[in-house]
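Below: the structure, in structure tokens.
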Amino acid sequence: MRLLLILALLLLSILKTGNFATANQLKADGKVLELDESNFDSAISSFDYILVDFYAPWCGHCKRLSPQLDEAAPVLAGLKEPIVIAKVNADKHTRLARKYDIDAYPTLMLFMHGVYTEYYGPRKADLLVQYLKKFVAPDVSILSSDAAINDFIEAAGSFFPIYIGFGLNETVISNLAVKYKKKAWFSVAKDFSEDAMVLYDFDKVPALVALHQSYKQQSIFYGPFEDEYLGDFIKQNLLPLVVPLNHETLKLLKDEKRKVVLAITADENEEQSQNLIKFLKAAASANRDLVFGHVGVKQWEDFADKFGVNEKTKLPKMIVWDGEEEYFSVVGIESLDNEDQGSQISHFLEGYKAGRTERKKVKGPSFMEFIHSLIGIRTIYIIVFIVAMMMLIQSVGKDDEPVRDGRRDEIHHAESSVSSEAESSQKKED
């Protein structure tokens with residue numbers, strides 16, 4: 001009995017030593033942590049904020065990202081609310097990759113108090129630091145002077161919209177600030193000059209100013225400051241009036257419930273396209289129940305092709321997209337002329353709201369993209385290998401002399417075996 005007690009105490013001591021070693025390894029010391037199945041959950045529970053890079057050693061993008069993370073790690077670890085950077089070899093630790101649906105490399109996940117969200121921000125070290133500071137900032141910053149307002153806006157950068165409540169009590173927007181913390185900066189200016197009122201173009205208080213620095217755009221809200229109306233203003237101004245669609249901005253529409261009025265032009269940088277964008281902004285101001293966007297065929301031909309645009313299509317083309325698989329064209333106003341485009345856009349919107357539309361399907365992804373989205377690149381490699389082996393076996397069989405019955409049975413057995421392996425591999429991946 002005494003021997004069992006000694007062994008139990010010894011085992012407990014070993015376990016405690018192991019836990020202590022793990023805790024020592026998980027420090028916010030400015031170094032990028034290497035995680036695997038044995039310490040991943042412990043790391044997520046140990047740190048309030050942790051950015052995890054799921055990478056593959058053979059991935060070129062991963063290799064270019066790695067030094068940027070190394071550079072950003074000590075800066076983020078030194079914040080008042082530290083952010084830890086970690087990495088997982090998803091090619092090796094496949095259980096973790098499957099758990100978080102990792103199907104591309106690198107994939108960055110930001111864990112905040114154990115809850116994760118995919119990171120879509122910049123990946124250069126200094127910009128990554130500026131972007132992530134948003135997530136550890138106060139829900140509502142209190143600004144007490146014009147200088148404090150300027151410093152706040154400069155520190156916020158241009159990745160997120162900025163809301164400043166002039167003469168507004170922070171409790172009025174605190175709940176909404178928590179709700180949209182991942183998408184915008186929120187602040188309240190307690191003291192400011194008339195110069196600030198001129199600069200931010202409001203003439204009475206209280207007022208809530210929404211700024212989109214990257215688009216040089218701002219909107220003013222004078223109330224009523226009730227949750228319903230205030231929430232609508234904040235939600236509608238999370239996006240600029242007109243969104244230029246590209247790989248990055250398309251992610252902003254992921255949770256958007258409003259339909260997208262999309263103008264497809266030949267080249268979004270041409271003067272005619274820039275003039276069209278001005279008309280779209282005017283229409284967007286008057287139709288906040290819709291999102292307005294534009295894309296140039298020259299800038300993103302594959303995306304424009306999904307809406308049936310080809311070399312014969314008259315541009316600019318106008319459609320209303322549901323953000324997923326369907327879009328609508330307005331009968332008689334599919335394209336715009338160069339003259340009086342403002343009126344044509346108004347007629348287009350009237351036709352859409354009156355139901356004079358034709359429903360169409362967005363062109364689906366290519367076969368390889370579809371397969372990749374369903375089962376991942378690793379399974380593709382397995383399937384390609386199996387198919388190649390089957391073709392090789394069949395080729396060998398054809399090149400030989402006529403086969404005796406016994407030999408033919410062996411080949412048939414080999415093909416059945418390969419087929420069974422393919423099915424087994426597919427089931428495991430699924």
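The values are calculated or read from the model by the stated rules, or taken from the named source; none is laboratory data. The model shown is predicted, which means the values in this text are computed figures rather than measured ones. No Cβ is skipped: glycine too gets one built from the backbone with ideal geometry, and neighbour counts run over all protein chains shown.
Laid out as a table, the results:
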item	result
Conditions (1) assigned to a strand (DSSP E or B); (2) closer than 20 Å to Ala43 by Cα; (3) touching a Phe, Trp or Tyr at 6+ places or on another chain (Cβ under 6 Å); number of the one not met by Tyr163	(2)
Residue in segment 84-93 that is surrounded by the most Cβ atoms within 10 Å (Cβ to Cβ), counting only those that are of a type in the set (Val, Ile, Thr) and closer than 19 Å to Tyr120 by Cβ	Ile85
Helices (runs of 4 or more DSSP H) completely within segment 214-307 that count 1 or more residues being over 30 Å from Glu170 (Cβ atoms), not assigned by TED's automatic domain parsing to the domain that holds Val198 and not charged (D, E, K, R)	271-286, 301-305
Test: Ala8 is surrounded by 11 or more Cβ atoms within 10 Å (Cβ to Cβ), modelled with pLDDT under 95, among the aliphatic types (A, V, I, L, M) and part of a helix (DSSP H, G or I)	no
Among the residues listed as Leu143, Leu132, Leu127, the single one being of a type outside the set (Asp, Glu) and in contact with a Lys or Arg (Cβ under 7 Å, 6 or more places away or on another chain)	Leu143
Pair list, Cβ under 8 Å, 6 or more apart: segment 233-259 residue among the acidic types (Asp, Glu), other residue part of a helix (DSSP H, G or I) and loosely packed, with under 15 Cβ neighbours inside 10 Å	none
Condition check for Asp48: modelled with pLDDT under 95, charged (D, E, K, R), within 16 Å of Met109 (Cβ to Cβ) and in the same structural domain as Val115 (by TED's automatic domain parsing)	yes
Subset of segment 74-90 (residues that are touching a strand residue (DSSP E or B) at 6+ places or on another chain (Cβ under 8 Å) and either among the acidic types (Asp, Glu) or part of a loop (DSSP other than H, G, I, E, B) (or both))	Glu81, Pro82, Ile83, Ala90
Some residue of segment 207-221 being aliphatic (A, V, I, L, M), surrounded by fewer than 16 Cβ atoms within 10 Å (Cβ to Cβ) and over 23 Å from Glu154 (Cα atoms)	no
Options Ala155, Ala148: the member that is in a helix (DSSP H, G or I), at pLDDT 95 or above and over 18 Å from Val32 (Cβ atoms)	Ala148
Scope segment 94-124; condition surrounded by fewer than 18 Cβ atoms within 10 Å (Cβ to Cβ), more than 18 Å from the chain's Cα centre (by Cα) and farther than 17 Å from Lys182 by Cβ; matching residues	Thr94, Arg95, Arg98, Lys99
Tally, over segment 123-145, of residues that are assigned to a strand (DSSP E or B) and β-branched (Val, Ile, Thr)	1
Residues of segment 177-194 that turn out to be over 28 Å from the mean Cα position of the chain (by Cα) and part of a loop (DSSP other than H, G, I, E, B), as a count	4
Every residue from segment 183-221 that is in contact with a Leu (Cβ under 7 Å, 6 or more places away or on another chain) and of a type in the set (D, E, K, R)	Lys183, Lys190
